[in-house]
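The values are calculated or read from the model by the stated rules, or taken from the named source; none is laboratory data. Keep in mind the model is a prediction, meaning the values are calculated, not measured. As a convention, Cβ positions derive from the backbone with ideal geometry for all residues, glycine included, and neighbour counts pool all protein chains shown. We work out accessible area using only protein heavy atoms, side chains counted, and drop any ligands, DNA or RNA first. Shrake-Rupley method; radii C 1.70, N 1.55, O 1.52, S 1.80 Å.
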Amino acid sequence: MVVTYTLLSTISLFRKSFMATETNTEEQVTSETSWISVSPSGLWEVHRRWKGERKRGDNTPLLGSVCKIKVCLKNHTKDINTQPLSSNDTESAVSVSSVQVTEHPRSGDSVLQVPLDRWLVLCVGEGQCDVIEGCLEGMRAGETCEFTVRPHQQHLKMAPSDIHAAQFEMTGEERQTKSECFSLQLHSFTPGKESWQMLPAEKWTWVLSHKQRGSQRFVQGDIWGAMHSYCCAVKLLITLNGHTREKDGVPNADGSRDLETLTVNTETEAKSTHVQTEEEYRTIKAEVHSNLSLCQLKLGQPAKAKDSSIKATALDPANVKAWYRLGQACLQLEDFAEARQAFGKVLELQPGSASAQNALKQVNTKAKEFDNKLGKRLSKMFI
């Protein structure tokens, strides 16, 4: 089964459907896989299929693999023959000693964030193009696949935020018919690692990288991409639970030292420069959940934003931004009591906060309007 990078539970991007059909003939084996991926413009359904005989072996691109690829737009009216690369292909293979990743700015005007019809190099996990990274998983060097992308129907029904309003000028029907078919060739790639193969320090480096990339994407208005990056960070942070060191080497309260922690320190002593403390772990995880809640608010997902904010405040009760975003989410959900508590916590941590004071006034106004409407409805029941 191909496992794609997903947005975890935040936007229900665990594989929407998995369908694989194999037709064994003497000439061809065709299989198709479907999943949901992201681009700066939103969610997209991706359908990938293989043509021809698959290569053998378990060596496929993993996190950190640098891949040499070529993406071409296929003509829907004419079947283009995309033959797998031969062993004497003139293109040189990528190697660990000579890696130069091709960087291109992400844009909301394109589903794929890579140039077409030429060889380029990208690193799996760095999020140049989430659709392409999903297609690369499970591929072997020298293979070619075809994939089709079209707007995700659930995404079309979602109310966009002001940031994305301009991107939804065309009607849902117009977007529904917009789909493209591409071919992807994987020439070669460098070794990578599954998350379970990484040392804790390596995972921590990826966590910080995903968090930084998420912030950069958010500033650029790439909200879907930012949320994807934060969710990748959360996914790795979950596996790091318990793999922390004592602060400044201080033992536990009973004078003992955690065996697992000592093991982690020993394993990484010669191979890494830093293993996070429990305090650092909780702080970063809280910040990621808080940033994730902001993305969810921008994308009109207050219920998910509330859940993320609650996780952030539980990890770091002093995180003012998380409390404020919790209040915003509760306000949108018309949970006025919780909204008051959240904004009250902001004022407790930052006395005199103008934002929290204004938010509380808004809560009281909205609550009064809600009570008036409810009163009118109830009065009609007894007339």
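Worth a mention:
- When the stretch 105-128 is filtered for residues that are part of a loop (DSSP other than H, G, I, E, B), touching a helix residue (DSSP H, G or I) at 6+ places or on another chain (Cβ under 9 Å) and of a type in the set (A, V, I, L, M, F, W, C), the ones remaining, listed by number, are 111, 112, 114, 124.
- Taking the criterion of being under 16 Å from residue 309 (Cα atoms) and within 30 Å of the chain's Cα centre (by Cα), the residues of the stretch 342-355 that qualify are 342, 343, 345, 346.
- Filtered residues of the stretch 33-49 (kept if of a type in the set (Lys, Arg) and surrounded by fewer than 21 Cβ atoms within 10 Å (Cβ to Cβ)): 49
- Cβ-Cβ under 6 Å pairs, at least 6 apart or on other chains, the stretch 109-120 side closer than 17 Å to residue 68 by Cβ and not assigned by the TED database to the domain that holds residue 74, far side modelled with pLDDT under 90 and of a type in the set (Asp, Glu): none
- Residue selected from the stretch 196-238 under the condition polar (S, T, N, Q) and outside any loop (DSSP other than H, G, I, E, B), by the criterion surrounded by the most Cβ atoms within 10 Å (Cβ to Cβ): 229
- For the stretch 57-76, the set of residues classified as farther than 30 Å from residue 199 by Cβ and either among the basic types (Lys, Arg) or modelled with pLDDT under 90 (or both) consists of 70, 74, 75, 76, listed by residue number.
Conditions (1) at negative phi; (2) assigned to a helix (DSSP H, G or I); (3) open to solvent by less than 40 Å² (accessible area, probe 1.4 Å); (4) modelled with pLDDT of 95 or more, marked per residue:
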residue	(1), (2), (3), (4)
334	no, no, no, no
338	yes, yes, no, yes
343	yes, yes, yes, yes
364	yes, yes, no, no
370	yes, yes, no, no
374	yes, yes, no, no
379	yes, yes, no, no
383	yes, no, no, no
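- Remark: pairs (first residue in the stretch 339-363, within 11 Å of residue 328 (Cα to Cα); second residue among the aromatic types (Phe, Trp, Tyr) and assigned to a helix (DSSP H, G or I); Cβ separation under 6 Å; 6+ apart in sequence or on different chains) = 342/323; 356/343; 359/343; 360/343; 363/336.
- Among the criteria (1) in contact with a helix residue (DSSP H, G or I) (Cβ under 6 Å, 6 or more places away or on another chain); (2) at pLDDT 70 or above; (3) closer than 12 Å to residue 200 by Cα, the one residue 292 does not fulfil is (3).
- So residue 326, is it free of Cβ contacts under 8 Å to residues at least 60 places away in the same chain and open to solvent by less than 40 Å² (accessible area, probe 1.4 Å): yes
- Taken together, the residues in the stretch 299-319 that are open to solvent by 30 Å² or more (accessible area, probe 1.4 Å), on the phi < 0 side of the Ramachandran plot and either at pLDDT below 95 or of a type in the set (A, V, I, L, M) (or both) amount to 5.
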